[in-house]
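Enquirer: Below are the structure tokens for one structure; questions will follow.
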Amino acid sequence: MKHTEKELAAIKEEVSQMWRLVLSQIEKAKQSLLNNDIELAREVVSREKRINSFELKIDSDCENYIALFNPVAIDLRLALSLIKISSTLERIADFAEGIARYVIENSCELITQELKDELRLETMFDTVIEMLSDSYVALDSENTKLSGKILAKDETVDEIYHRSTGVLTDYMRQNPAEIECGLKTMLVIRKIERMGDHCSNIVEDIVFYIDAKVLKHSKNSESVES
């Protein structure tokens, strides 16, 4: 293996470690929200600094790689994509931390399990986790055939998000004392929806790296081979 290939492989391994940590953060945020588990939520918050450190290290390593080896074509696309992917992973982790802080504040403990089920929070979380897991497989295998299916899952997340507005509006009408809580819950659901959007951004970066295609702002991004 060439020295330049070793450098890239090392950076990819850092991204893989960060990716697994972010997936773990989302899973823990999900469980803390669904089960009102404050201790688990505190664990999510405490691990946020590790993710920030990963992003800074990957960013620096990619910049050094570009400066030292002057890569072209697919190697350059990979380095640029890894910078953007690590930044996006950090943003996703920020949303997980925000959800954990909502649980720690514990100001919405009256939100019932029945309402959580009606809001389909678990399905929303699971879909985002699937998107991020499948994206990791696509990058690791350097295969973009999953791209269309991953992007389609974001539509499921969006549908649940838009439907939740009506569900929470009805809830707040019937429980006027819980309006503040309902609004905070809406912000949490928005965070999950944004996670899905960022997973789609990662897919676009992977397609750019592997296929040299730019999907961002493209009307045809839905038609990527599935």
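Enquirer: Can you spot a residue in the stretch 175-197 that is charged (D, E, K, R) and not in a helix (DSSP H, G or I)?
Expert: no
Enquirer: Something else now. Can you find even one residue in the stretch 164-179 that is more than 16 Å from the chain's Cα centre (by Cα), within 24 Å of Arg91 (Cβ to Cβ) and crowded, with 18+ Cβ neighbours inside 10 Å?
Expert: yes
Enquirer: I would also like to ask the following. Among the candidates Asn52, Asn64, Asn36, which residue alone is more than 24 Å from Lys213 (Cα to Cα), of a type outside the set (Asp, Glu) and modelled with pLDDT under 95? Full working, then the answer.
Expert: On the way: Asn52 fails: modelled with pLDDT under 95; Asn64 fails: modelled with pLDDT under 95.
Going through Asn52, Asn64, Asn36 in turn, the sole match is Asn36.
Enquirer: Do any helices (runs of 4 or more DSSP H) entirely within the stretch 48-141 hold 2 or more residues that are under 15 Å from the mean Cα position of the chain (by Cα), and if so, which? Give the derivation first.
Expert: Numbers: elements: 48-69, 73-105, 113-119, 121-141.
Where helices (runs of 4 or more DSSP H) fall fully within the stretch 48-141 and carry at least 2 residues being under 15 Å from the mean Cα position of the chain (by Cα), they are 48-69, 73-105, 121-141.
Enquirer: Looking only at the stretch 62-83, which residues are acidic (Asp, Glu) and buried (at least 18 other Cβ atoms within 10 Å of the Cβ)?
Expert: Asp75
Enquirer: If you don't mind, there's one more thing I want to ask. Residue check: is Arg173 free of Cβ contacts under 8 Å to residues at least 60 places away in the same chain and at positive phi?
Expert: Against the criterion (free of Cβ contacts under 8 Å to residues at least 60 places away in the same chain and at positive phi), Arg173 does not qualify.
The values are calculated or read from the model by the stated rules, or taken from the named source; none is laboratory data. The model shown is predicted, which means the values in this text are computed figures rather than measured ones. Neighbour counts run over all protein chains shown; Cβ positions are idealised from the backbone, glycine included.
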